[in-house]
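Only one structure is covered here, and it is reproduced in the block below.
The values are calculated or read from the model by the stated rules, or taken from the named source; none is laboratory data. It should be emphasised that the depicted structure is a prediction, and the values quoted were computed from it without experimental measurement. So basically every Cβ, Gly included, is an ideal-geometry build from the backbone, and we count neighbours across all protein chains shown.
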Amino acid sequence: MISQKSIQEILEVAKAEEVIRDYVDLKRRGVNFLGLCPFHNEKTPSFTVSPAKNIYKCFGCGRAGNAVNFLMEHEQFTYPEALRHLAKKYGIELEETVPSRQALEQKQLYSSLYIVNEFARDFYQKELFDTDLGKSVGLSYFRGRGYTDETIRKFELGFSPPGKNKFTQTALGKGYDRQLLEKVKLTSSYGNDFFRDRVMFTIHNLSGKVVAFAGRILKKDIKAPKYINSPETEVYNKSKTLYGAHLAKRAIRKEDACIIVEGYTDVISLHQAGIENVVASSGTSLTVGQIDLIRRHTPNVIILYDGDFAGVKAALRGLDLVLAQGMNVKVVLLPEGEDPDSFLRLSGPEKFRLYMTENAKDFILFKTDLLIKDAANDPVKKADLIRNVVESIAKIPDPIKRSVYVKECARLVGIEEQIIVNETNKLVAGLFKRERQKKELEQRQTTLSLPRTANPIRESEAVVARKPEPTDAGTFQEKDLVRILVSGGTQPFDRKSGMSVAKYILGNIQDVLEDFDNPLYQKVIHEYDQIIKNGKRIKADYFTNHGDPEISKMAVDLVSTPYEYSENWEKKWEIFLQTQKMPDENFFKDSQNSLLRFRLKKIMKKCTENMELIKKFSAEGQDKKVMLHLKVQQKLNEMKAKVSKELGSVVLK
């Protein structure tokens, strides 16, 4: 187990923006960073990272936390795995106690599939570099393509030997479990190797973990497929994986563009030539999951196609999905008979870059131009071409972009712009209608899947009946007090007393500590109160880094806001606050007002409860008790009036 000392060191050193930047393209906005949320599909950025608070928060889906939480959510790490990842990133030496047997078994179970894949990678690499057959067949093939040994090791290329089960027998001999070998699809149910007599390409997820393999046959055997890929497993989802993405993500952000090629060798060749913002879709049409991986780092995509007209025409059909995700797509068509790997070797890196720059065409205009050539003077083909292009334009979510493309398309095909506008509008309306119907269907299916009760209710009421009650209903004042404690409890209340905000607030609510309605808020209040009574110091990020995930999540939510003060007040108009601090730093006034609102709420609650008792005792004829509680009510009303006057508010009941 990782010691508390090491955990604290990691939490203090790890910067949320530095960790998240490895996975999300962040842009500076004021004091914070903004990007597209990696946890849900969005076109307008709502994912905010606050360096000052060292947290992230998505105001779209609600995900929030610190660097550790992000890795646990995004990479599906366990808590210890996330800590170890950060320790490695920041060069922190972990101090660990001896873990329990149960903890070891749990960790082994969780990471076993990755461990088996890593063993396979090492096995294939050893076969490539350390065996005569691997050197003569596999290594000579890679070197023949111009790859240096450094590149071969960087991409973890390898060689799977011939024979039925050399890999499987070696793994079993090393103590690896047969069921795990089958789970990652490296061994068949008959005990045979899945990959045999092929050069091997290792496939990684975005964080660099080995998830799968691809094998290329070198023999000219028309009966065997040229490439075979690992089937999908619990750690490998082909539709959410891009080859080379773990090595390309930094360059993609730096270049603000992602180059997409078809093959593994294309990626490797371009990387070796210094063009590193490149990934491969592994010969399949791009999926929403793959597009989402790219969109986290850049909205700009450049697709490299071989100079094969028929192949390009077929491939274009799948690119409407990229447009639908709000991406900017350009296409580069290589000279006929060339692929990225061969053309790079022929032209060299500099000429290759120049060719890409000069020949990159916007996808819609490229598609229009390509289909015009195909249609020639055939009016029927031309009509089909226009429909085809309009269908692509309709997929673009940005209406301004659509308008620009409509105008340019009309010019290229020689047709009235209004005709294309009308057709585009029809298709856009149809897309909206289908999307609405899809959502309605999903809602009906959700409703129908609800458990039946003894007293059935109508479907339309079922959803309403099951909607969770808001947790902060009627407890806003409690929430506001906790917000101030979490965000500014360590700050000085005022200069004169030297008292902290937390001491001021907690000292004034000792008589109502047990009267909190929200149990989570009460838990935080009690914990803070105990820390102060024990004379301990508390750090500003104590609750955002809390060990209880419920408290940590609540704390991050309380200190996060989608709003910022405009810099123009000071920079443009030179208007400065003269007599007080910024509102979110003015804890003196904020604490006083919040405390008064809290006490007023509790007094009003006591008034209501006391009036119920007066009614009860009156109905029972207990006059003495009625008189006693009338005096209590009078006192409560006086307290309510006093607090209301201090707040400068009017209470109507």
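Structure values in brief
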{"item": "Selection status of residue 302, out of contact with any Cys (no Cβ under 8 Å at 6 or more places or on another chain), buried (at least 20 other Cβ atoms within 10 Å of the Cβ) and closer than 20 Å to residue 348 by Cα", "result": "no"}
{"item": "Wholly within segment 312-367, helices (runs of 4 or more DSSP H) carrying at least 1 residues that are assigned by TED's automatic domain parsing to the domain that holds residue 397 and either at pLDDT 85 or above or exposed (fewer than 14 other Cβ atoms within 10 Å of the Cβ) (or both)", "result": "340-347, 349-359"}
{"item": "Test: residue in segment 57-70 that is part of a helix (DSSP H, G or I), within 26 Å of residue 277 (Cβ to Cβ) and touching a residue at least 40 places away in the same chain (Cβ under 8 Å)", "result": "yes"}
{"item": "Any hit, segment 71-80, residues being over 12 Å from the mean Cα position of the chain (by Cα), surrounded by 22 or more Cβ atoms within 10 Å (Cβ to Cβ), among the β-branched types (Val, Ile, Thr) and not assigned by TED's automatic domain parsing to the domain that holds residue 540", "result": "no"}
{"item": "Pairs where the first residue, in segment 151-179, is on the phi > 0 side of the Ramachandran plot and the second is at pLDDT 95 or above and of a type in the set (S, T, N, Q), C-beta under 6 Å, 6+ apart", "result": "156/202"}
{"item": "Test set (1) among the basic types (Lys, Arg); (2) touching a Ser or Thr at 6+ places or on another chain (Cβ under 8 Å); (3) farther than 17 Å from residue 321 by Cβ - residue 426 fails condition number", "result": "(2)"}
{"item": "When residues of segment 126-166 are limited to those that are assigned to a helix (DSSP H, G or I) and aromatic (Phe, Trp, Tyr), the one farthest from residue 219 (Cα to Cα)", "result": "129"}
{"item": "Some residue of segment 380-390 being of a type in the set (Lys, Arg), at negative phi and crowded, with 16+ Cβ neighbours inside 10 Å", "result": "yes"}
{"item": "Segment 239-260, residues that are touching a Gly at 6+ places or on another chain (Cβ under 9 Å) and modelled with pLDDT under 90", "result": "239, 240"}
{"item": "Residue ID - surrounded by the most Cβ atoms within 10 Å (Cβ to Cβ), chosen from residues in segment 1-59 that are of a type in the set (Gly, Ala, Ser) and over 20 Å from residue 325 (Cβ atoms)", "result": "14"}
{"item": "Top-ranked residue in segment 509-560 [being polar (S, T, N, Q) and in a helix (DSSP H, G or I); ranked as surrounded by the fewest Cβ atoms within 10 Å (Cβ to Cβ)]", "result": "510"}
{"item": "Residues located in segment 180-193, provided they are assigned to a loop (DSSP other than H, G, I, E, B) and without any contact (Cβ under 8 Å) to a residue 12 or more places away in the chain", "result": "188, 189, 190"}
{"item": "Filter result for residue 31 (at pLDDT 90 or above and either farther than 18 Å from residue 208 by Cα or touching a Leu at 6+ places or on another chain (Cβ under 8 Å) (or both))", "result": "no"}
{"item": "Filter pass, residue 151 being under 38 Å from the mean Cα position of the chain (by Cα) and among the β-branched types (Val, Ile, Thr)", "result": "yes"}
